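Colleague: The structure under discussion is supplied below as structure tokens; questions concerning it will follow.
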Amino acid sequence: MRVKDVMTRNPVYISPEASVTEAKILMTRQKINKLPVLDADKHVVGIVTKNDLIKASPSAATTLDMYEIGYLLSRLTVEKVMSKNVTTVSEDEVIEEAARIMADSDIGCLPVVKDELMIGIITETDLFREFIELFGTRQKGVRVTLILDEKPGQLAKITKDIADLNGNIVSVLTWAASDPAHRSLTIKATGVTEAQMKDIVKKEGAELTGIKVI
């Protein structure tokens, strides 16, 4: 799956000349926590977040009254508080790479650009939503987690055993186990019972680490 399949197209944005007050109002109205900042040519020049706006506001200990605070924030521009070193991503990038970039860079969103122009944005929320779909969370079934030998054909045996019982696999995920000789696997299937799934795991000589009907 690629970024363009998950991203929000034509996202809300703001200009660097806009005031912090305008940014706050826009975020509140749109119910968002991040705003791409675009210049007059629609190029991404920054990102401003709700945290940036909070940091820019006077502390609770200030002696200024609300009108003075409002005046100061209306004079403070987004350009002064935004993050300027913006990491972007292509619409054709795979979503796991987008997730890695966000995690490694400790950021919550990536503007999506094409020909140097922003065409969308992908956020942590988009990835969480896709994570739910990848695990087949909204479908009822038997979810089993096990550890297999790291060798060809192991997954095929498990899936064939499920198919032989007229079971239907709705989700399969694998990842590295604690040692290189094994691999962890999670499968969620419908049309099979918890007992049948346990029998499959035992038959194939895998180690059962978790099973649940959800």
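Colleague: Treating cross-link reach as a plain straight distance, find the aspartates and glutamates whose alpha-carbon is under 18 Å from the alpha-carbon of Lys34, omitting any fewer than eight places away in the same chain.
Modeller: Glu17, Glu22, Asp52, Glu79, Asp106, Glu124, Asp126
Colleague: Over the alpha-carbon set of segment 88-214, divide Rg by the Kirkwood Rh and report the Rg/Rh ratio to two decimals.
Modeller: Rg/Rh for segment 88-214 comes to 1.09.
Colleague: Angle between the Cα long axis of helix 194-203 and the longest principal axis of the chain, 0 to 90 degrees, nearest 10?
Modeller: 70
Colleague: Still on this structure, I have one more. Please give the Cα centre distance for segment 118-158 versus segment 174-205, rounded to the nearest Å.
Modeller: Result: 14 Å between the Cα centres.
Colleague: Sticking with this one: Ignoring ligands, DNA and RNA, please state the percent of accessible area on segment 78-184 from carbon and sulfur, probe 1.4 Å.
Modeller: Carbon and sulfur atoms account for 50 percent of the accessible area of segment 78-184.
Colleague: So, one more: Just subtract the alpha-carbon distance of Gln30 and Phe128 from 0.36 nm times their residue separation and send over the number in nm, one decimal.
Modeller: Net length gain for the segment: 33.3 nm.
Colleague: Accessible surface of Glu17 in the full protein assembly, 1.4 angstrom probe, to the nearest 10 Å²?
Modeller: My reading of the accessible area for Glu17 is about 130 Å².
Colleague: In Å², and per residue, what accessible area does segment 73-214 have when probed at 1.4 Å with the other protein chains present?
Modeller: I get 59 Å² per residue for segment 73-214.
Colleague: Can you pull the semi-axes for the chain, root of five times each eigenvalue of the Cα gyration tensor, sorted largest first, whole Å?
Modeller: Working from the Cα gyration tensor, I get semi-axes of 48, 18, 15 Å.
Colleague: Compute the angle between helix 66-75 and the longest alpha-carbon principal axis of the chain, please, reported from 0 to 90 degrees and rounded to the nearest 10.
Modeller: 80
Colleague: So, one more: Straight distance only, please: which aspartates and glutamates reach the Cα of Lys202 with their own Cα at less than 19 Å, same-chain residues fewer than 8 apart left out?
Modeller: Straight-line reach from Lys202, under 19 Å: Asp149, Glu150, Asp161, Asp164, Glu194.
Colleague: Let me ask something else about it. Using the alpha-carbon atoms, what tilt in degrees (0 to 90, nearest 10) does helix 95-105 show relative to the longest principal axis of the chain?
Modeller: For 95-105 against the chain, the angle is about 50 degrees.
Colleague: Run the reach check for Lys31 against lysines, Cα to Cα strictly under 27 Å, same-chain hits fewer than 8 apart removed. What comes back?
Modeller: Candidates past the 8-residue exclusion: Lys4, Lys42, Lys50, Lys55, Lys80, Lys84, Lys114.
Colleague: Another question, then. Assuming R0 = 25 Å, can you tell me the calculated FRET efficiency for the pair Lys140 and Thr174, based on Cβ-Cβ distance, to the nearest 0.05?
Modeller: Taking R0 as 25 Å, the efficiency between Lys140 and Thr174 is 0.65.
The values are calculated or read from the model by the stated rules, or taken from the named source; none is laboratory data. Since the structure is predicted, the reported quantities are computational estimates derived from the model, not experimental observations. Note: ideal-geometry Cβ built from the backbone for every residue, glycine included; neighbour counts use all protein chains shown. Areas reflect the complete protein model, heavy atoms only, side chains present, ligands, DNA and RNA absent. Shrake-Rupley method; radii C 1.70, N 1.55, O 1.52, S 1.80 Å.
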